[in-house]
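Visitor: I am attaching a structure below and will ask some questions about it afterwards.
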Amino acid sequence: MDDRTVRAALQRHWDASDANDFKAEHDIYREDAVLHYPQSGERIRGRRNIQESRSVQPNKKRFTVQRIIGSGDLWVTEFVLTYDGRPSYTVSIMEFRDGLVANETQYFADRFDPAPSRAHLVERTGATKPL
């Protein structure tokens, strides 16, 4: 599977995630895929279990992809996942095997205010403003 094909599959995945299209969202995973959430200590095994875990969440979710980078079997997506209007800055690391995701790890971070001590050194990107 070439990089252009993987990038297109990732874009379809994130578009389906944003649309709450749970079937299309999970087409990218192998049957034996594993999803890791290190911050909560959860590991979910199997595409059907991953799909069910997401479909039963009562929150209104929106996905805004910032960047997709990678090549070969390793891809990283940076995105803002907004739950019920509250943004969480998120990184998804996906490992592909035979053209489908075998392992995914997602990290989540809340926004925080910039430190006044470094204000003279930084460019404001707007990332800390509520979305």
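Visitor: Could you check His26 against (1) surrounded by 15 or more Cβ atoms within 10 Å (Cβ to Cβ); (2) within 14 Å of Ile93 (Cβ to Cβ) and say which number it fails?
Guide: Every condition holds for His26 apart from (2).
Visitor: From the list Arg54, Arg124, Arg118, which residue is closer than 26 Å to Ala8 by Cβ and either among the basic types (Lys, Arg) or surrounded by 15 or more Cβ atoms within 10 Å (Cβ to Cβ) (or both)?
Guide: Only one candidate qualifies: Arg54.
Visitor: Here are some residues: Arg4, Arg43. Which one is closer than 16 Å to Ile93 by Cα and open to solvent by 90 Å² or more (accessible area, probe 1.4 Å)?
Guide: The match here is Arg43.
Visitor: Taking interchain pairs and intrachain pairs at least six residues apart, which have beta carbon atoms under 8 angstrom, with the first residue in segment 61-76 and over 14 Å from Ser92 (Cβ atoms) and in contact (Cβ under 8 Å) with a residue 24 or more places away in the chain and the second of a type in the set (D, E, K, R) and open to solvent by 70 Å² or more (accessible area, probe 1.4 Å)?
Guide: Here the result reads Asp73/Glu95; Asp73/Arg97, each pair linking segment 61-76 to a residue that is of a type in the set (D, E, K, R) and open to solvent by 70 Å² or more (accessible area, probe 1.4 Å).
Yes or no, residue by residue, for (1) closer than 16 Å to Phe63 by Cβ; (2) touching a residue at least 24 places away in the same chain (Cβ under 8 Å); (3) out of contact with any Asp or Glu (no Cβ under 7 Å at 6 or more places or on another chain):
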site	(1), (2), (3)
Met1	no, yes, yes
Ala8	no, no, yes
Gln11	yes, yes, yes
Trp14	yes, yes, yes
Phe22	yes, yes, yes
Glu31	no, no, yes
Arg43	no, no, yes
Gly46	no, no, no
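Visitor: Hey, can you tell me all the residues within segment 91-105 that are touching a residue at least 24 places away in the same chain (Cβ under 8 Å) and open to solvent by 10 Å² or more (accessible area, probe 1.4 Å)?
Guide: Phe96, Arg97, Asp98, Gly99, Leu100, Asn103, Thr105
Visitor: Can you tell me which residue in segment 66-90 is most open to solvent (accessible area, probe 1.4 Å), limited to those that are more than 17 Å from Arg54 (Cα to Cα) and aliphatic (A, V, I, L, M)?
Guide: Looking at residues that are more than 17 Å from Arg54 (Cα to Cα) and aliphatic (A, V, I, L, M), I get Leu74.
Visitor: Quick check on my filter: what residues within segment 7-17 are crowded, with 17+ Cβ neighbours inside 10 Å and over 13 Å from Met94 (Cα atoms)?
Guide: Of everything in segment 7-17, those that are crowded, with 17+ Cβ neighbours inside 10 Å and over 13 Å from Met94 (Cα atoms) turn out to be Ala16, Ser17.
Visitor: Could you list, in sequence order, the residues of segment 10-21 that are of a type in the set (A, V, I, L, M, F, W, C) and within 20 Å of Asn103 (Cβ to Cβ)?
Guide: Once the filter is applied, which keeps residues that are of a type in the set (A, V, I, L, M, F, W, C) and within 20 Å of Asn103 (Cβ to Cβ), segment 10-21 yields Leu10, Trp14, Ala16.
The values are calculated or read from the model by the stated rules, or taken from the named source; none is laboratory data. None of the values given here were measured: they were computed from a predicted structure. A quick note on method: Cβ atoms are made from the backbone with ideal geometry, for glycine too, and the neighbour counts reach across all protein chains shown. Areas reflect the complete protein model, heavy atoms only, side chains present, ligands, DNA and RNA absent. Shrake-Rupley method; radii C 1.70, N 1.55, O 1.52, S 1.80 Å.
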